[in-house]
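Input: a single structure, listed below in structure tokens.
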Number of protein chains: 2
Amino acid sequence: MIIQQKMAQKPSIPKGTRDFGHAETAERNYIFDTVSRVFRKYGYAQIETPAMENLTTLLGKYGDEGDKLLYRILNSGDAFAGADFSQPLTPQVCEKGLRYDLTVPFARYVVQHQNEITLPFKRFQIQPVWRADRPQKGRYREFYQCDVDMVGSRSQLCELELVQIVDEVYRSLGIRVSLRINNRKVLTGLAEICGHPDKVTDITVAIDKIDKIGLDAVREELLGKGLDAAAVDRLVPVLTLSGSNAEKLAAMRSLMASSEEGMKGLDELEELFGYIAAAGIRTETVLDLSLARGLSYYTGAIFEVKALDWQIGSIGGGGRYDNLTGIFGLPGLSGVGISFGADRIYDVMKGLGLFPAGLGNVPVLLFANMGAAETEYILPVAAALRSENVIVEIYPDAAKLRKQFEYADRRGIPFLSITGASEMEAGSVNIKNLASGEQRSFSRDDAAAILEFLK
Amino acid sequence: MIIQQKMAQKPSIPKGTRDFGHAETAERNYIFDTVSRVFRKYGYAQIETPAMENLTTLLGKYGDEGDKLLYRILNSGDAFAGADFSQPLTPQVCEKGLRYDLTVPFARYVVQHQNEITLPFKRFQIQPVWRADRPQKGRYREFYQCDVDMVGSRSQLCELELVQIVDEVYRSLGIRVSLRINNRKVLTGLAEICGHPDKVTDITVAIDKIDKIGLDAVREELLGKGLDAAAVDRLVPVLTLSGSNAEKLAAMRSLMASSEEGMKGLDELEELFGYIAAAGIRTETVLDLSLARGLSYYTGAIFEVKALDWQIGSIGGGGRYDNLTGIFGLPGLSGVGISFGADRIYDVMKGLGLFPAGLGNVPVLLFANMGAAETEYILPVAAALRSENVIVEIYPDAAKLRKQFEYADRRGIPFLSITGASEMEAGSVNIKNLASGEQRSFSRDDAAAILEFLK
């Protein structure tokens with residue numbers, strides 16, 4: 001009975017997680033390698049933090065909803081020994097949780113290592129994060145984030161650098177994008193000029209929905225949040241602003257004159273757009289006052305990247321934050337960062353057929369296995385080719401040739417060598433181009449000629 | 001009071017886990033990149049599996065001790081709702097655990113995806129694993145494994161391929177190693193010829209300790225396990241065997257004649273050493289009959305890699321297993337694999353100073369920030385250099401020059417450009433080699449000349 005149970009065990013993985021096979025891993029690595037290369041070119045260097053963080057580090061950083069979505073790890077040993085069962089058990093038996101994003105661990109890292117790092121500190125990080133979210137199409141419980149951040153400077157040159165990185169990353173990947181830019185101080189200014197400085201969050205959240213639910217519904221929502229009709233009316237022209245970035249900024253300046261914070265935001269945007277023009281950014285950059293992003297920790301620039309040729313949500317985004325390290329005891333450090341959404345980038349590239357061919361490191365040549373003596377005969381040939389970095393395989397078993405052919409076919413290996421007793425006698429090696437059918441014989445020692453044929 | 005508490009929160013990470021900074025991450029990536037490159041050259045392709053596996057997949061695969069060392073993840077939502085508090089709570093509130101190694105997830109992967117993969121299936125995997133072990137020097141609760149395996153063939157050519165990979169990986173890294181080889185069937189044969197076929201595990205475990213506790217203590221231990229003195233005596237000459245691999249094999253053949261299993265193991269070893277000679281392996285390969293490795297799932301070849309120039313435990317090891325996928329409902333699939341210990345390899349390379357210089361992707365040139373107009377003036381120069389893949393930074397703030405110099409110094413940036421108003425008037429760019437003190441002026445458009453100077 002026990003044996004039957006064991007045999008019946010069908011292996012599976014937790015809901016919302018994924019296995020990545022050969023091809024997918026190669027394609028995902030192509031994305032990671034591309035973003036890393038660009039990050040490095042701008043002087044950002046990689047760090048890694050542990051998958052497990054203390055819950056004291058994670059809790060309270062992502063709102064009540066985020067706290068619920070944290071994966072908690074049961075204390076090791078007998079977690080329940082000495083627990084007070086009349087009190088909530090979770091805090092008593094779990095002290096660690098899985099990383100929820102890369103931003104909070106980064107803030108923790110900066111504070112913990114403040115005496116080792118050089119400010120301004122430029123880092124990137126590419127690691128998985130975990131969220132106990134309801135799994136659905138395109139939303140996973142384990143997924144990679146690619147974050148690039150600079151802390152320790154308030155200069156708009158940092159924002160420019162991120163715009164340059166966005167520009168170069170997506171061009172390298174072949175994805176046409178539009179980069180939307182806004183500034184949180186302008187949003188604060190909006191709340192001030194309509195007489196509801198306490199409603200920044202409500203206004204921000206409502207504005208965030210304008211694309212999805214339209215102006216009327218946003219009006220409705222703002223009225224429902226307690227804004228008076230006059231205030232909402234003052235917001236409407238801002239939300240429906242059009243024209244070039246410069247025209248929008250100019251129009252905003254006259255509307256925003258009474259808000260110091262709002263004017264500061266406009267100054268920052270103007271400086272950034274000036275740098276963007278000077279740097280010759282080719283990606284379309286659009287001032288988008290409806291852009292808010294849910295996260296409440298942004299204090300300056302806000303970024304969002306949209307793919308132009310594929311219907312999908314944002315494929316990257318970020319912004320400036322002033323208070324991130326304050327919670328860990330290091331106030332006054334300003335930073336700005338962008339996160340690249342690897343899964344959505346993958347979906348766009350797959351959908352548009354943008355991955356280059358040959359990513360899977362498929363072997364170039366399979367030596368068929370004709371027996372032990374033949375194998376020993378071709379081992380030095382295989383070694384010579386591998387020393388030239390050619391991917392070469394020897395079929396491990398002296399199986400029927402048809403089976404070995406099938407293996408080459410299923411793995412997409414383009415060249416096959418069938419080198420048997422007669423070739424051994426002649427001191428030669430036989431290689432066939434499986435696509436063209438062309439077959440040639442080489443001296444066993446002439447690796448250079450073989451290399452030429454395999455090209 | 002609450003604010004004070006928050007400010008006092010000193011950030012830290014869980015015991016046994018680590019942060020990796022710029023330099024360490026670059027050095028670790030150098031190891032991962034090197035092993036990946038070699039794995040790929042032999043036709044192995046990368047897969048990735050989730051950090052979280054169902055506990056049904058993990059439990060019972062690593063012995064009782066391993067089960068205790070699994071990190072369990074609390075079910076999301078209200079994990080304790082509906083729990084029966086009179087029964088053990090852990091199994092009721094935890095369905096998932098963190099990956100303990102890469103072997104069991106690989107076996108699970110092969111069974112789950114058996115209709116998609118091509119046999120023989122060659123994969124490598126480089127991912128972290130987690131164990132709730134007592135942390136100590138060189139032992140962590142989160143660490144990376146680099147595993148390479150082939151399943152679906154019983155040929156000793158698979159073993160050879162792993163030997164070739166070991167040979168090439170450690171030579172590429174510059175680490176001189178000795179590769180110890182044994183065969184589990186020979187160990188089984190030993191138990192048989194001394195009349196205790198049921199004591200394979202006891203004998204194996206005792207033999208494993210011969211290097212650490214010496215022959216006398218191993219004798220003692222075997223007697224304690226219930227072997228009679230005559231049986232132990234019959235084992236002693238085997239344990240103290242010397243000579244070349246061929247001499248050892250020959251001596252074993254006469255001792256082992258009565259054990260079919262043992263003779264089969266000797267046949268496999270002889271075939272493998274034959275291939276090793278034919279393939280021209282440069283790494284020292286030693287038949288080591290005291291080599292057992294604790295893991296009970298090996299059924300054929302057993303490998304262990306020892307560094308010759310640095311005192312440390314094994315820096316790699318593995319073997320052949322016949323029954324790994326059986327537990328998941330796919331019996332009869334034989335496989336063989338090796339795991340490279342990234343942390344110990346790192347320690348050896350650090351200890352011997354084997355990491356090449358310049359791994360950290362340090363910027364080549366820092367443009368000092370002399371103000372907004374000067375920055376806009378040098379932006380196109382920076383862009384031109386970056387388009388040639390030169391790592392270039394612009395200091396983000398118009399800070400005191402001394403501070404900007406210090407930044408270049410602390411980050412190890414070799415060239416500094418101070419381009420101010422007079423250079424702007426002249427249309428030039430000024431660059432200084434900080435080590436030699438040499439300073440030169442270039443036309444702003446002459447990126448080629450600047451590139452030459454930076455070399």
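The values are calculated or read from the model by the stated rules, or taken from the named source; none is laboratory data. The model shown is predicted, which means the values in this text are computed figures rather than measured ones. Note: ideal-geometry Cβ built from the backbone for every residue, glycine included; neighbour counts use all protein chains shown. With ligands, DNA and RNA removed, areas are computed over all heavy atoms of the protein, side chains included. Shrake-Rupley method; radii C 1.70, N 1.55, O 1.52, S 1.80 Å.
Points worth noting:
- Residue identified as without any contact (Cβ under 8 Å) to a residue 40 or more places away in the chain, in contact with a Leu (Cβ under 9 Å, 6 or more places away or on another chain) and among the aliphatic types (A, V, I, L, M) among A:Ala206, A:Ala230: A:Ala206
- Extreme residue, farthest from the other protein chains (Cβ to nearest Cβ), among residues of the range B:93-119 that are without any contact (Cβ under 8 Å) to a residue 40 or more places away in the chain and open to solvent by less than 10 Å² (accessible area, probe 1.4 Å): B:Val93
- Selection from the range A:373-400 of residues that are within 7 Å of chain B (Cβ to nearest Cβ) and not hydroxyl-bearing (Ser, Thr, Tyr): A:Glu376, A:Leu379, A:Pro380, A:Ala383, A:Arg386, A:Asn389, A:Ile391, A:Glu393, A:Ile394, A:Pro396, A:Asp397
- Of all residues in the range A:158-187, those being hydroxyl-bearing (Ser, Thr, Tyr) and more than 14 Å from chain B (Cβ to nearest Cβ) number 2.
- Residue under evaluation B:Ala250, criteria (1) under 30 Å from A:Ile378 (Cβ atoms); (2) in contact with a Cys (Cβ under 8 Å, 6 or more places away or on another chain); (3) aliphatic (A, V, I, L, M), criterion not met: (2)
- Selected residue (only one of A:Thr49, A:Thr90, A:Thr56 is open to solvent by 50 Å² or more (accessible area, probe 1.4 Å), under 30 Å from A:Lys15 (Cα atoms) and facing chain B (nearest Cβ under 8 Å)): A:Thr56
- Looking across the range B:282-305, the residues that are open to solvent by less than 50 Å² (accessible area, probe 1.4 Å) and either closer than 22 Å to A:Pro380 by Cα or of a type in the set (Asp, Glu) (or both) come down to B:Thr283, B:Thr285, B:Val286, B:Asp288, B:Glu304.
- Test: B:Tyr30 is among the hydroxyl-bearing types (Ser, Thr, Tyr), at pLDDT below 90 and open to solvent by 20 Å² or more (accessible area, probe 1.4 Å): no
- Selection from the range B:70-87 of residues that are more than 10 Å from every other protein chain (Cβ to nearest Cβ) and either in contact with a helix residue (DSSP H, G or I) (Cβ under 8 Å, 6 or more places away or on another chain) or of a type in the set (Gly, Ala, Ser) (or both): B:Ala81, B:Gly82, B:Asp84, B:Ser86
- Against the conditions (1) closer than 23 Å to A:Asp167 by Cβ; (2) within 14 Å of chain A (Cβ to nearest Cβ), B:Asp409 satisfies every one except (1).
- Taken over the range A:43-85, residues that are of a type outside the set (S, T, N, Q) and either under 30 Å from B:Arg386 (Cα atoms) or out of contact with any strand residue (DSSP E or B) (no Cβ under 7 Å at 6 or more places or on another chain) (or both) amount to 25.
- Single match in A:Ala83, A:Ala45, A:Ala107, A:Ala79 (criterion: under 18 Å from B:Gly16 (Cβ atoms) and either in contact with a Gly (Cβ under 8 Å, 6 or more places away or on another chain) or hydrophobic (A, V, I, L, M, F, W, C) (or both)): A:Ala79
- For the range A:16-31, the criterion of being farther than 30 Å from A:Glu159 by Cα, more than 8 Å from every other protein chain (Cβ to nearest Cβ) and in a loop (DSSP other than H, G, I, E, B) is satisfied by at least one residue.
- Taking the numbered list (1) among the basic types (Lys, Arg); (2) open to solvent by 30 Å² or more (accessible area, probe 1.4 Å); (3) within 14 Å of chain A (Cβ to nearest Cβ) in turn, B:Lys212 passes all entries but (3).
- Residues of the range A:342-372 satisfying the condition of being open to solvent by 10 Å² or more (accessible area, probe 1.4 Å), closer than 17 Å to A:Lys137 by Cα and either within 14 Å of another protein chain (Cβ to nearest Cβ) or not in a helix (DSSP H, G or I) (or both): A:Asp343, A:Tyr346
- Here A:Ala231, A:Ala206, A:Ala279, A:Ala251 are screened, and the one residue that is surrounded by fewer than 17 Cβ atoms within 10 Å (Cβ to Cβ) and among the small types (Gly, Ala, Ser) is A:Ala251.
- Among residues of the range A:323-341, those that are in contact (Cβ under 8 Å) with a residue 60 or more places away in the chain, open to solvent by 20 Å² or more (accessible area, probe 1.4 Å) and closer than 18 Å to A:Arg108 by Cβ, counted: 6
- Going through (1) within 7 Å of another protein chain (Cβ to nearest Cβ); (2) touching a residue at least 40 places away in the same chain (Cβ under 8 Å) one by one, A:Lys61 falls short only on (1).
- If you go through the range B:210-264 and keep only what is part of a helix (DSSP H, G or I) and among the β-branched types (Val, Ile, Thr), you end up with B:Ile210, B:Ile213, B:Val218, B:Val232, B:Val236, B:Val238.
- Residues considered: A:Glu376, A:Glu388, A:Glu393. Of these, the only one that is buried (at least 21 other Cβ atoms within 10 Å of the Cβ), closer than 30 Å to B:Arg171 by Cβ and among the acidic types (Asp, Glu) is A:Glu393.
- Residue tally, condition out of contact with any Pro (no Cβ under 7 Å at 6 or more places or on another chain) and either within 9 Å of another protein chain (Cβ to nearest Cβ) or open to solvent by less than 20 Å² (accessible area, probe 1.4 Å) (or both), over the range B:134-157: 6
- Listed conditions (1) β-branched (Val, Ile, Thr); (2) within 11 Å of B:Lys41 (Cα to Cα); (3) outside any loop (DSSP other than H, G, I, E, B) are all met by A:Ile338, apart from (2).
- Residue in the range B:306-318 that is closer than 22 Å to B:Asp211 by Cβ, crowded, with 17+ Cβ neighbours inside 10 Å and of a type in the set (A, V, I, L, M) present: yes
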